[in-house]
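First up is the structure itself, then whatever we jot down about it.
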Amino acid sequence: MNLNITIDFLLSTQIRAGPQPQAGAGPPAHAGPTEFARISQQQKVVNFFSNTNVRRSTMQYFKKLKATGILFALVMFAAGMQTAMAVGTASNTTIANTATVDYQVSGFAQATVTSNNETFLVDNRVDLTVANVAGTNVLPSSTDQPLTFTVTNTGNTTQGYALTATNGAGDFNMGNIRIYIDDGDNIWEGIGTETLYVAATNAFDLAANATSVNVYVVADTPGTPTNGQTSDIDLLATTLNAGTTTVTTGLTDADPNTAGVDVVFGDAAGTVDIVEDGQHSAVGTYTIAITPLTLVKSSVVAEDPFNGTTNPKAIPGARITYTLLVTNPGATDATTVVVVDDIPANTTYVAESITLGGAAQTDAEDSGVPVDNSDWNVTNPGAITVNVGTLGAAASVTITFDVTIN
Amino acid sequence: MKSLIKISSVFLLMLFAGQVLAAIELKTVAEIEITETDEKGKKKVKRVPATRVVPGTEVIYTISAKNTGNKAAENISVKDPIPENMAYVDGSAFGAGTAITFSVDGGKTYDKPEKLTVKNTTGKPRRATADDYTHIRWTFQFKLKPGQVAPVWFKAKLK
């Protein structure tokens, strides 16, 4: 005797085929001691109909992850604030030092003597930090997916920056990679709001003292990758002379110093650049994250011919109510969710007993005249079919129907 | 101009203190240490004038007192402010035969590091750290003979 449940939804479906241990197993959470006998009866019914299958169905994907994008932008904003740190004395600052000496000769105090004023000029230490704020979970075939980075001037001089983003390691490559500069609020608001970076130009000048800006790598996900696969993108920033597209050149240790402001590279090595090269880079990761819907099935004996609704037993003629709880644990809407459940052998469907979210549904196939979204024995012979439609992020819906034991 | 002031101050002290030909000349030099690799691949630390200094660089200040007079100078105390934008490197002050004390109040008072306190943000006193020092004082335990040069050192890091 099989009780087959099918659930179709527009995600790369991950409901596993095979018996579902949750299907009616165990007492309801609210069960008190007085309900013990009834639960024992339920358990028998459950065991009787325990071979529940969930069939895998249509694989499609849906597109935008707006809510997720905003979430990451907020995370990024908070992290951006944390990067601020003391950076250092501004270049071209003169550091002066004068010593004094007091002394006596033959017991007589002498006037204080002052030394020369020893000065030097603070040079330009070019230092920058590119950091990825967080990875981004994406769905296949999704466009304009942002990956948030920060670019921070950790040097002591105002500098400009050129940016490049390239596919790195991973299971697949993102397509149509672009770079957007934040419009000032450090929140990703979409390609219509942020500023598209034009290659080989100066993206922005950043003042010294750990000034940072959010930079978004934006790319499209191909349709091929599967759940859990990743794609790395490296963002590389190159230091430019402020207000220009001229790449800043630094002195090497061997170069003679000048009396003016010398340029010294003090940056660390990034993911695709070396130490002290005036560049820094970081990697961000796109991860295909398809959250499968969950389906929990339970049943109760509603009544039997002898006891009525008082402690009903699962005997022939008894009415069993099945409850299907469909949950979308993901962060995005699941669309065109369809739940199909075969009526178990040795039972008979109770006409007009389907409910969806507490609302009674008709058994007729109403697609032509959409009175409701459910039918019995029409779309799928011998089964109920319930068109749930869109199931929002973190939302769930309850479906019930009744059968009688033959 | 500076040398003029120095010369005139020397003359002044000669005239008013009545100690003709007794004077100390004080010279401050800022240097940095660089590591050079010679032809044999041997690394050598070399001191060069502080012309390449970026935040984080340690600068070595050498203050040399020279007795240019013809009489010994005594009770010598050399004072040097920690330059603006720089922080004293803990434990770096040195001077042979000198007692070294520090100031955390702009040079008004000096004491040993373990006796110096500053107020924290809540107004409670806490032990001063190298970052809190404003001045260093070297008190010479010896007399500086005519012609003798006595250098003292300290390191400070550019903030």
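Can you confirm whether B:T28 is at the interface with another protein chain (Cβ under 8 Å from one of its Cβ atoms), closer than 28 Å to A:A96 by Cβ and modelled with pLDDT of 90 or more? Here the answer is yes, as B:T28 does meet what is asked. Residues of region A:128-148 that are open to solvent by 10 Å² or more (accessible area, probe 1.4 Å), of a type in the set (A, V, I, L, M) and either at the interface with another protein chain (Cβ under 9 Å from one of its Cβ atoms) or not in a loop (DSSP other than H, G, I, E, B) (or both): A:A131 alone. Scan region A:370-404 for residues that are of a type in the set (A, V, I, L, M), over 39 Å from the mean Cα position of the chain (by Cα) and surrounded by fewer than 20 Cβ atoms within 10 Å (Cβ to Cβ) and jot them down. Result: A:V378, single match. Within region A:100-127, residues that are facing chain B (nearest Cβ under 7 Å) and within 23 Å of B:I32 (Cα to Cα) have Cβ atoms under 6 Å from residues that are basic (K, R) and buried (at least 18 other Cβ atoms within 10 Å of the Cβ) in these pairs: A:T100/B:K79; A:D123/B:R52, counting only partners at least 6 apart in sequence or on another chain.
Can you give me the ranges of the strands (runs of 3 or more DSSP E) entirely in region B:46-159 with at least 2 residues that are among the hydrophobic types (A, V, I, L, M, F, W, C)?
Numbers: elements: B:58-67, B:73-81, B:86-88, B:98-103, B:117-119, B:125-127, B:135-140, B:149-158.
In region B:46-159, the matching strands (runs of 3 or more DSSP E) lie at B:58-67, B:73-81, B:86-88, B:98-103, B:135-140, B:149-158.
The residues of region B:51-69 that are open to solvent by 10 Å² or more (accessible area, probe 1.4 Å), within 8 Å of chain A (Cβ to nearest Cβ) and under 13 Å from A:E118 (Cα atoms) amount to a single one, B:T51.
If we scan region B:83-94, do we find a residue that is over 16 Å from the mean Cα position of the chain (by Cα), at pLDDT below 95 and charged (D, E, K, R)? Scanning region B:83-94 turns up no residue that is over 16 Å from the mean Cα position of the chain (by Cα), at pLDDT below 95 and charged (D, E, K, R).
Between a first residue in region A:377-406 that is farther than 20 Å from A:G357 by Cα and a second residue that is of a type in the set (G, A, S) and outside any strand (DSSP E or B), which pairs have beta carbons less than 8 Å apart while being 6 or more apart in sequence or on different chains? Short answer, once both residue conditions are applied: A:V378/A:A364; A:T404/A:G317; A:T404/A:A318; A:I405/A:A314; A:I405/A:G317; A:I405/A:A318.
Which of the residues belonging to region A:285-294 are buried (at least 22 other Cβ atoms within 10 Å of the Cβ) and either more than 24 Å from A:N173 (Cβ to Cβ) or among the aliphatic types (A, V, I, L, M) (or both)? Show your work before the answer.
First, the residues of region A:285-294 that are buried (at least 22 other Cβ atoms within 10 Å of the Cβ): A:286, A:288, A:293.
Once the filter is applied, which keeps residues that are buried (at least 22 other Cβ atoms within 10 Å of the Cβ) and either more than 24 Å from A:N173 (Cβ to Cβ) or among the aliphatic types (A, V, I, L, M) (or both), region A:285-294 yields A:I288, A:L293.
Against the conditions (1) open to solvent by less than 40 Å² (accessible area, probe 1.4 Å); (2) modelled with pLDDT under 95; (3) more than 23 Å from A:A351 (Cβ to Cβ), A:A282 satisfies every one except (2). Among the residues here, A:T245 qualifies as over 32 Å from the mean Cα position of the chain (by Cα) and open to solvent by 30 Å² or more (accessible area, probe 1.4 Å). Against the conditions (1) open to solvent by less than 50 Å² (accessible area, probe 1.4 Å); (2) within 38 Å of the chain's Cα centre (by Cα), A:D304 satisfies every one except (2). Would you pick out the residues in region B:70-82 that are farther than 24 Å from B:V104 by Cβ and either more than 7 Å from every other protein chain (Cβ to nearest Cβ) or open to solvent by 30 Å² or more (accessible area, probe 1.4 Å) (or both)? Answer for region B:70-82, where residues must be farther than 24 Å from B:V104 by Cβ and either more than 7 Å from every other protein chain (Cβ to nearest Cβ) or open to solvent by 30 Å² or more (accessible area, probe 1.4 Å) (or both): B:N70, B:K71, B:A72, B:E74. When region A:192-211 is limited to residues that are open to solvent by less than 30 Å² (accessible area, probe 1.4 Å) and farther than 15 Å from A:G243 by Cα, the one that is modelled with the lowest pLDDT turns out to be A:A210.
The values are calculated or read from the model by the stated rules, or taken from the named source; none is laboratory data. Note that the coordinates shown come from a computational prediction; the quantities given were computed from them, not determined experimentally. In this analysis, Cβ positions are derived from the backbone assuming ideal geometry, glycine residues included, and neighbour counts consider all displayed protein chains. When the accessible area is computed, the model is the full protein with side chains, heavy atoms only, and any ligands, DNA or RNA have been set aside. Shrake-Rupley method; radii C 1.70, N 1.55, O 1.52, S 1.80 Å.
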